[in-house]
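Engineer: Can you read through this structure? Questions will come right after.
The values are calculated or read from the model by the stated rules, or taken from the named source; none is laboratory data. The model shown is predicted, which means the values in this text are computed figures rather than measured ones. Cβ atoms come from the backbone with ideal geometry, glycine included; neighbour counts cover every protein chain shown.
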Amino acid sequence: MTLNVEEMTLGILGGTGDQGRGLARRFAMAGNPVIIGSRSEERAKAAAAEIGYGVQGMTNQDTAEYAQIVIAAIPWEGHAELLSALAPRLAGKIVVDCVNPLGFDKQGAYALPVEEGSAAQQAAALLPDSTVLAAFHHVSAKVLLDPEVTAVDLDVLVLGDHREATDLVQALASRIPGMRGVYGGRLRNAHQVEALTANLVSVNRRYKAHAGLRITDI
């Protein structure tokens, strides 16, 4: 893992969704080459053209093939199926899972149980030849996509079992103005981070905000 974080080509699976497009936009603005993936290459190219900043659109398969580091921003419902299919193309790469398994009912958002413990741990089980990390769970897509927001004021918790990889993703997060990557523990602790998103959804609904997290005293 001797990649220069400033030159890494980032691939975002599910890149045509709000979260994926938002991350693609911010990383491309920071100067990284970015590929957004979709089941439909046509949709991916259309979304990339809309974002601008040199973003490319490809199928999820080609995104996994050509990107040096891959962010999974796919719906929870298709998480296992897509990652299983892409496992050979993701071998040897860092895969950053930002999926939040959430349900919604009349009482609001709540965390869904995951057999493996968390979405990130499920990804690790499905991608034994990849280095799987968890990060970018609490970043508002509306903030990422808002052209009037010049600095994204929050910390990104980065979880994983490989020090060099977590350091790399922390540095990657910090390339977005206002954002800071913070080590958040081993991958086994990803459940709490994913589940906390339900609390943030409740905060945002009550206060009509797009709240994130800041870690104090570091």
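Engineer: Is it fair to say L196 is among the hydrophobic types (A, V, I, L, M, F, W, C), crowded, with 19+ Cβ neighbours inside 10 Å and under 17 Å from the mean Cα position of the chain (by Cα)?
Structural biologist: no
Engineer: To continue, here is another question. Just give me the residues in region 166-180 being more than 21 Å from K142 (Cβ to Cβ) and touching a residue at least 40 places away in the same chain (Cβ under 8 Å), in sequence order.
Structural biologist: From region 166-180, those more than 21 Å from K142 (Cβ to Cβ) are 166-172, 174; that's our starting set.
Selection gives L168, V169, A171, L172.
Engineer: Go through (1) among the hydrophobic types (A, V, I, L, M, F, W, C); (2) under 16 Å from G14 (Cα atoms); (3) touching a His at 6+ places or on another chain (Cβ under 9 Å) for A111 and report which single condition fails.
Structural biologist: It fails just one condition, (2).
Engineer: Let me confirm something: among A44, A80, A91, which residue is farther than 28 Å from E164 by Cα, at pLDDT 95 or above and out of contact with any Leu (no Cβ under 6 Å at 6 or more places or on another chain)?
Structural biologist: Only one candidate passes the filter, namely A44.
Engineer: If you don't mind, another one. Can you find a residue in region 104-121 that is buried (at least 23 other Cβ atoms within 10 Å of the Cβ) and outside any loop (DSSP other than H, G, I, E, B)?
Structural biologist: Yes, that holds for at least one residue.
Engineer: Continuing with this model, one more query. Go through region 197-214 and report how many residues are touching a His at 6+ places or on another chain (Cβ under 7 Å) and either aliphatic (A, V, I, L, M) or part of a helix (DSSP H, G or I) (or both). Step through it out loud before you land on a result.
Structural biologist: To start, the set of residues in region 197-214 that are touching a His at 6+ places or on another chain (Cβ under 7 Å) comprises 197, 200, 204, 212-213.
Next, from what is left, pick out any that are either aliphatic (A, V, I, L, M) or part of a helix (DSSP H, G or I) (or both): 197, 200, 204, 213.
Summing the residues that are touching a His at 6+ places or on another chain (Cβ under 7 Å) and either aliphatic (A, V, I, L, M) or part of a helix (DSSP H, G or I) (or both) in region 197-214 gives 4.
Engineer: From D217, D155, D167, D161, which residue is assigned to a helix (DSSP H, G or I) and either out of contact with any Pro (no Cβ under 8 Å at 6 or more places or on another chain) or buried (at least 16 other Cβ atoms within 10 Å of the Cβ) (or both)?
Structural biologist: Residue meeting the stated conditions: D167.
Engineer: Could I ask something else about it? Looking at V149, is it hydrophobic (A, V, I, L, M, F, W, C) and surrounded by 17 or more Cβ atoms within 10 Å (Cβ to Cβ)?
Structural biologist: no
Residues checked against (1) on the phi > 0 side of the Ramachandran plot; (2) at pLDDT 95 or above; (3) not charged (D, E, K, R):
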residue	(1), (2), (3)
V169	no, yes, yes
G184	no, yes, yes
A198	no, yes, yes
R206	no, yes, no
A211	no, no, yes
R214	no, yes, no
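Engineer: Got a sec? Which of A125, A73 is over 27 Å from A46 (Cβ atoms) and aliphatic (A, V, I, L, M)? Explain how you work it out, then say what you get.
Structural biologist: Details: A73 fails: over 27 Å from A46 (Cβ atoms).
Just a single option satisfies the conditions, and that option is A125.
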